[in-house]
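K.L.:
Dumping the structure here so I can ask a few things about it.
The values are calculated or read from the model by the stated rules, or taken from the named source; none is laboratory data. It should be emphasised that the depicted structure is a prediction, and the values quoted were computed from it without experimental measurement. Here Cβ is always computed from backbone atoms with ideal geometry, including for glycine, and neighbour counts include all displayed protein chains.
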Amino acid sequence: MDRCVVLVDAGYLLGAAASLLAGEPARSRISVDHATLIQGLRERAEAETERPLLRIYWFDGAPDRVPQPEHRRLRVMPRVTVRLGALTRSDGRWAQKGVDAAMHAELTELARNRACSDIVLVTGDGDLLPGLMSAKEHGVAVHLWAVQAADGDYNQSEDLVAEADERRVLDRAWITRAVRAKELPGPCAPVSEPRPEIAAILSAPLPETATAAAAAAAAAAPGAAEAAPGRNGAARPGTDVAGPADAPGRPAAAAAGAGADVAAGAAAKGVPTPKDLAGLGRGPAGPGGQADRQSAGATLRWSSDKGWVDRGPGSGVGEPPETANLPMLAQLTSAEQRWADREEDITAVSGDPFEVGQVFARRWTDRLADSGHLQQLSTEYPRIPHRIDGELLRYAARFGLLAHKDDQIDEHDRYAIRAGFWREIDLRSAAEHVQTGG
C-alpha cells in the first residue's frame, strides 16, 4: 500500500522538546497545542515520504492506563489513534511501562500486513531496533525523526539511527510552532497562580450572620486558635464542602485573616474578587439579594465526596431542609440525554477540571423544570449541596481525575471543578435574573 504511517513516542517527543525549550525533560514545563502538532506531523510526513497519510499512532503512558485530558483531545482528532501504556512512580520519578512494547507490536504488524509503504518513527528508544529491522525485511521504508537535542548531541539510540532508511531532525523552529515553554514564576511570586475564579471562591465572604456568630464564638474561646487547615487555609479532604468560619478546626479569626490575605494577594495580582464577579450574579447586583455575602472574608473548607462534616447549625442529620428538594442531574436526565451526554463527553469535553464543572452545571440548569431551583441553589453559594456535590465529583472521575491519587481528586482539581460549576451557575442565574426583570 502506497501510504505512510507515523508512530509517535509521546514521552520522547515531548520530553525532548521540554529539554530543548525549557532546559529540563519535565513535560509540565511546556504547553502543547496538540491540534497544531498533529497537523504538522501529518504535513511533514506526507511531504517527506511523498505518500498520503494512513494514520498517526500516539503512544503514551497514563496512570492505570486511564486517558488524561490531552489523550481525550487527541483520540477524537482525524487519523489519530491513541495507545496507552502504564505510568508508574518509583523513587519519586514517573516511568512508562509497556509503551515501547506496544510500539514494537504495531510496527511489526503494520509491516507484516503490508498496510503501508513508509513508516515514520518519532522515538529514540533502542528497544525498537528489532521491530525496525523486521519492518525493513517486509519491504517498508523506515524514516526516523529526532527532536533537536538541547546540547547538540544525539538523543537517540545510535543503533536505531544506523538502521533507519531516512533520518530527519525536528528542529527548534519546527517544534515551537506547537510547543512553548511555560514561564517560571518570579522569585517573589507564588509557585502556582490559581485560576481567578478559584481565588475568588477562596476569598469569598460568608453571610453576616454566620460571620458575626463565628466572631462571637472565637472571642468566647480564645484557646480555639489551634487549627489545622490544609493548603490555602482549606481543610483536609473529608471535611465540609464550604463550612462556616466557626466550624471545628477553623476559628473565625484565623479564617477571616486567611481570607483577607488571599483577597489582598488576589487584588495585588489583578485577580478578581467576589465583588468583581457581581455582574455574574454574585454580590449586590446579582439575583437573590446577595449583598450580605460581601461581609468580612473567610477562607472556605472543601471536601471530597467521602463524607459530610458540620452541615450547619440546626440542620440535624441528613440533607439540610433548604436543599433537600433540589433534584440531582441523574433525576433530570432521560435515557436519550444520557446517551448524548456520553457522546459529548467522549468527543467534545477535554477533561479540564474547570470545564468539567461548567459542563455539569450547564446540563443541570438546562434540564430544570422549575427555575426556582436555580435561584435556590444560588443562595447556597459557596456551598454545593452534598448530594449534588458528590454527583459532580463522580462525574469528574470519568475523566481520569482520580488516577494515581488514591481514589481522591486532587485538592486543586476539586477547587477548579467547583469553581467551574459556580461560574456556570452564576451566568445562568444572571441571565434568569435579567429575563424576569429582577
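K.L.:
If a residue has to be surrounded by fewer than 20 Cβ atoms within 10 Å (Cβ to Cβ), in contact with an Asp or Glu (Cβ under 9 Å, 6 or more places away or on another chain) and either among the β-branched types (Val, Ile, Thr) or not in a helix (DSSP H, G or I) (or both) to count, how many in region 86-134 make the cut?
P.N.:
Selection size over region 86-134: 4.
K.L.:
Right, next: Going through region 72-81 one residue at a time, which ones are over 20 Å from the mean Cα position of the chain (by Cα) and surrounded by 19 or more Cβ atoms within 10 Å (Cβ to Cβ)?
P.N.:
If the condition is that a residue be over 20 Å from the mean Cα position of the chain (by Cα) and surrounded by 19 or more Cβ atoms within 10 Å (Cβ to Cβ), then VAL80 is the only one that fits.
K.L.:
Across region 326-347, what is the total count of residues that are without any contact (Cβ under 8 Å) to a residue 12 or more places away in the chain and either of a type in the set (Gly, Ala, Ser) or part of a loop (DSSP other than H, G, I, E, B) (or both)?
P.N.:
The number of residues fulfilling the criteria is 3.
K.L.:
On to the next question. Does THR49 qualify as being assigned by TED's automatic domain parsing to the domain that holds PRO67 and over 22 Å from the mean Cα position of the chain (by Cα)?
P.N.:
yes
K.L.:
In a helix (DSSP H, G or I) and either at pLDDT 90 or above or aliphatic (A, V, I, L, M) (or both): is that true of ARG83 in this structure?
P.N.:
So ARG83 does not fit the description; no.
K.L.:
Something else now. Restrict the check to region 72-79 and report whether at least one residue is in contact with a helix residue (DSSP H, G or I) (Cβ under 6 Å, 6 or more places away or on another chain) and more than 20 Å from TRP174 (Cβ to Cβ).
P.N.:
Yes, region 72-79 has at least one match.
K.L.:
For LEU144, are the conditions met, namely being free of Cβ contacts under 8 Å to residues at least 60 places away in the same chain, in a helix (DSSP H, G or I) and surrounded by 23 or more Cβ atoms within 10 Å (Cβ to Cβ)?
P.N.:
Criteria not met by LEU144.
K.L.:
Can you tell me which residue among TRP422, TRP339, TRP364 is farther than 21 Å from ASP64 by Cβ and modelled with pLDDT under 90?
P.N.:
TRP339
K.L.:
I'd like the full set of residues that are part of a loop (DSSP other than H, G, I, E, B) and closer than 14 Å to ALA178 by Cα, limited to region 1-36.
P.N.:
The one that is part of a loop (DSSP other than H, G, I, E, B) and closer than 14 Å to ALA178 by Cα: ASP33.
K.L.:
Next up: Could you look through region 72-108, keep only residues that are in contact (Cβ under 8 Å) with a residue 60 or more places away in the chain and in contact with a strand residue (DSSP E or B) (Cβ under 7 Å, 6 or more places away or on another chain), and pick out the one that is nearest to CYS4 (Cα to Cα)?
P.N.:
Ranking the qualifying residues of region 72-108, first place goes to LEU107.
K.L.:
With modelled with pLDDT under 90, under 19 Å from ASN155 (Cα atoms), out of contact with any Lys or Arg (no Cβ under 8 Å at 6 or more places or on another chain) and buried (at least 17 other Cβ atoms within 10 Å of the Cβ) as the only criterion, which of PRO63, PRO25, PRO69 stands out?
P.N.:
Sole residue among the options that is modelled with pLDDT under 90, under 19 Å from ASN155 (Cα atoms), out of contact with any Lys or Arg (no Cβ under 8 Å at 6 or more places or on another chain) and buried (at least 17 other Cβ atoms within 10 Å of the Cβ): PRO25.
K.L.:
Scan region 388-413 for residues that are in a helix (DSSP H, G or I) and either among the β-branched types (Val, Ile, Thr) or modelled with pLDDT under 85 (or both) and jot them down.
P.N.:
Within region 388-413, ILE388, ALA397, ARG398, PHE399, GLU411, HIS412, ASP413 qualify.
K.L.:
Inside region 365-385, can you point out the residues that are assigned to a helix (DSSP H, G or I) and in contact with a Lys or Arg (Cβ under 9 Å, 6 or more places away or on another chain)?
P.N.:
THR365, ASP366, LEU374, SER378
K.L.:
Then there's this: (1) assigned to a loop (DSSP other than H, G, I, E, B); (2) at pLDDT below 95: which one isn't true of ARG51, the others all being true?
P.N.:
Checking ARG51 against (1) assigned to a loop (DSSP other than H, G, I, E, B); (2) at pLDDT below 95, the one that fails is (2).
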